Amino acid sequence: MKLSKNFTNPLAANNPVIVQILGICSSLAVTVKLEPALVMGLSVTFVTAFSNLVMSLLRNGVPSRIRIIVQLVVIATLVIVVDQFLRAYMYDVSKQLSVYVGLIITNCIVMGRVEAFALGNKPWDSFVDGLANGFGYAFILVLIAFFRELFGSGELFGFEILGDWYTPNSLMLFPPMALIIIGCIIWVHRSINKDLQEK
Amino acid sequence: MLNLLINSVFIENMVFAYFFGMCSYIAVSKSVKTAIGLGAAVTFVQVMTVPLNYLIDQYVLKDSALVEGVDLSFLSFIIFIAVIAAFTQLVEMVVEKFSPSLYNQLGIFLPLIAVNCAIMGGSLFMQQMIGTEINTVGDSIVYGFGSGAGWWLAIVMMAAIREKIEYSHIPAAMKGPGIAFIITGLMGMAFMIFSGIQL
């Protein structure tokens, strides 16, 4: 497979969130505002890329029976690094993300990419694959957060966009709306890519 | 303690308020029978791992718990996930032995309980609630049961709705995950009525 195709595929046509329905768990709650969504997306990108790289380097040395435990240890270590980094340099965002940083460990995208890609491919390819899937995830997160912050509080990144005439619709800030927005994104995406539709 | 139970089942429902365990929630909610089986397994793992992690947190990880002046709490992610993974392995072996048909139905999702965010999220929330809502082992058992049962309730309701929706006309692009997200969003709105309860 070509490297560039590897990179662009997970961004749209084979997006991990809206096509493979992975990693919804820890993601939707951080989409109330754009800033935490962006930080969360980048954290997941970092973890996915480097866990793919490490597991790809280790792939010939780890017996397949104990690979799950090895993967969890690698992923958990990377997540601890991210968590400590956020606490040190971006304390406010880290407070907003609360337990969701820890939940990157159980994010199916990370585990799924290691299992599906890194264990059978060369380190550099795996790194690019992890990076691309992380960006695909971050893209959806930012898209949802864009709608929720714009219509929920009339702001983007905390700056006022819609003026006084707009009454913020606080329903957008409640959890159910994140689900409905992602449902609509899937709807649009599958109307364009007809081959993904279920019979 | 009753407050904690009602709170964790209805008001802070794992699925509707925090989106935990969405991956298996969307994928396994196609038939009620499978959903009941997975829900029971998740609740069981939750009831066992939350108190276990509570004890580990109190006697090993907390500041000055093991050695005077040493704070090991940065290790909590890796310890919690190890406990959960070990326990899932146990449940998997038990289910395989006593109910092979259920084992075949659940397929890949049984080992994936280990990376189910609901379980990890339960333990991480429990860690945050120490000192406020959770003060004893009993509290942590109740919280583990409540959050597991809330997830169980959600997935069974979802499966029941999806069994019926098979017969309705929905846009082709919405079939499968799209409509599942929208339904979950609407159910989440229904569950928001509980948030008005003063305990």
Longest principal axis of chain A (C-alpha) makes with the long axis of helix A:175-192 (C-alpha) an angle, in degrees to the nearest 10, of 70
May I ask you to derive the relative contact order of the stretch A:2-192, considering only C-alpha pairs under 8 Å and at least 6 residues apart, and to give it as an integer percent? 36
Provide the FRET efficiency to the nearest 0.05 for the A:Phe159-A:Asp92 pair, computing r from the beta carbons and using R0 = 22 Å. 0.85
Shielding of A:104-112 by partners, i.e. mean partner chain Cβ atoms within 10 Å per residue? 5
The answer for A:Leu156, listing residues at least 5 apart or on another chain whose modeled amide H is closer than 5 Å to its amide H, is A:Ile161
What average count of beta carbons from other chains do you get within 10 Å of the Cβ of residues in B:71-83? 4
Label A:Phe7 and B:Leu55 with points 7 Å out from Cα along Cα→Cβ: what is the distance between them in nm? 5.1
Helix B:76-98 vs. chain B, principal-axis angle (Cα, 0 to 90°, nearest 10): 50
Mean Cβ neighbour count within 10 Å, used as a protection proxy, ranking B:179-189, B:19-29 highest first: B:19-29, B:179-189
Toy charge model, Lys and Arg Cβ at +1, Asp and Glu Cβ at -1: the stretch A:2-192 dipole around Cα centroid in debye, rounded to 20, equals 800
Taking 35 Å as R0, compute the FRET efficiency from the Cβ-Cβ separation of B:Val94 and A:Ser64 and round it to 0.05. 0.90
Sorting check: for B:151-161, B:117-127, which peptide has the highest mean count of neighbouring beta carbons within 10 Å, and how do the rest follow? B:117-127, B:151-161
If a/c stays under 1.5 just call it rounded; otherwise compare a/b with b/c (prolate if a/b is bigger, oblate if not). Do that for the protein assembly as shown, with a ≥ b ≥ c from the square roots of the Cα gyration tensor eigenvalues. rounded
Would you pull out the residues with amide H under 5 Å of B:Ile134's amide H, same chain only if 5 or more places away, H placed 1.01 Å from N? none
Enter the accessible area per residue of the stretch A:2-192 (Å², integer; probe 1.4 Å; all protein chains in place). 43
What's the total accessible area buried between chains A and B, using a 1.4 Å probe, rounded to the nearest 100 Å²? 3400
What nm distance separates the two modelled labels at A:Glu115 and B:Gln128, each placed 7 Å from Cα along Cα→Cβ? 2.7
Over chain B, what is the relative contact order in whole percent, taking alpha-carbon pairs under 8 Å and six or more residues apart? 41
Under-21-angstrom lysine pairs by C-alpha in the protein assembly as shown, whenever the two are 8 or more apart or on separate chains: 14
Provide the FRET efficiency to the nearest 0.05 for the B:Asn135-A:Ser191 pair, computing r from the beta carbons and using R0 = 45 Å. 0.30
Protection proxy ranking, peptides A:36-47, A:130-141, average beta carbon neighbours within 10 Å, highest first: A:130-141, A:36-47
Under Stokes-Einstein, with the Kirkwood radius over Cα pairs standing in for Rh, what whole-number D in µm²/s applies to the stretch B:1-158 at 25 °C and 0.890 mPa s? 155
The stretch A:100-156, accessible surface, carbon-and-sulfur percent (1.4 angstrom probe): 74
Skipping prolines and chain starts, which residues have an amide H placed within reach, meaning under 5 Å, of the one on B:Phe20, given they are 5 or more residues away or on another chain? B:Val15
Rounded to the nearest 500, what is the protein assembly as shown's calculated 222 nm mean residue ellipticity when only DSSP H runs of at least 4 contribute -39500 (n - 2.57) each, over all residues? -20500 deg cm²/dmol
For peptide A:79-88, the mean count of other chain Cβ atoms within 10 Å per residue Cβ is 1
Only protein chains counted, 1.4 angstrom probe. Which residues of the stretch A:19-51 are at least 10 Å² less accessible in the assembly than when their chain is isolated? A:Ile21, A:Ile24, A:Cys25, A:Leu28, A:Ala29
If I model a spin label as a point 7 Å beyond the Cα along the Cα-Cβ vector, how far apart are those points for A:Tyr166 and A:Lys122 in nm? 4.8
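The values are calculated or read from the model by the stated rules, or taken from the named source; none is laboratory data. Just so you know, these numbers come straight off a predicted model, no measurement behind them. All Cβ positions, even for glycine, are placed from backbone atoms using ideal geometry, and neighbour counts span all protein chains on display. What goes into the accessible areas is simple: the full protein's heavy atoms, side chains included, and nothing from ligands, DNA or RNA. Shrake-Rupley method; radii C 1.70, N 1.55, O 1.52, S 1.80 Å.
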